[in-house]
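Everything on this sheet refers to the single structure shown next.
The values are calculated or read from the model by the stated rules, or taken from the named source; none is laboratory data. Computed from a predicted model, the values in this text were never measured in an experiment. Note that we place each Cβ from the backbone using ideal geometry, even for glycine, and neighbour counts take in every protein chain shown. Keep in mind that these areas ignore ligands, DNA and RNA; they rest on the heavy atoms of the full protein, side chains included. Shrake-Rupley method; radii C 1.70, N 1.55, O 1.52, S 1.80 Å.
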Amino acid sequence: QVQLVESGGGLVQPGGSLRLSCAASGGTFNGYTMGWFRQAPGKEREFVTAISWNGFTDYADSVKGRFTISRDNDKNSLYLQMSGLKPEDTTLYYCAARYLGGLSLSPNMYHLWGQGTQVTVSS
């Protein structure tokens, strides 16, 4: 069973950048569509971006032009480069995976989840 572990969260000033990483253990990313979601306390989990096994991507309108998703299948790693960060980007970010499925904005379509990494954008 593949397990996902996020890293790279932290505190950054508005306008700054962060790079989140998600590493898979116990397996590979082969055949998985990978995604990033975020969830603030008391709110539903929100789609941020996703990337298919062969590199197709999708982004939430709120992050287009600021965030970039990428993956390194040889390293079983997923990345989220975030720039132009805003205070409203502050929340817990989750890495997710779905096997043999296409891009999806619904968290219900992903069956593997990491534990989350906190991103705080504040001056």
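Here are some notes:
- Modelled spin labels at Ser7 and Gln39, positioned 7 Å past Cα toward Cβ, are 2.4 nm from each other.
- Carbon + sulfur, % of accessible area of segment 1-99 - ligands and nucleic acids excluded, 1.4 Å: 47 percent
- Excluding ligands, DNA and RNA, the accessible surface per residue across the chain is 50 Å² with a 1.4 Å probe.
- You can think of it this way: the chain between Glu88 and Lys75 has 1.6 nm of extra reach, that is 0.36 nm per residue less the Cα-Cα gap.
- Net charge of neighbours whose Cβ lies under 14 Å from the Cβ of His111, counting Lys and Arg as +1 and Asp and Glu as -1: +2
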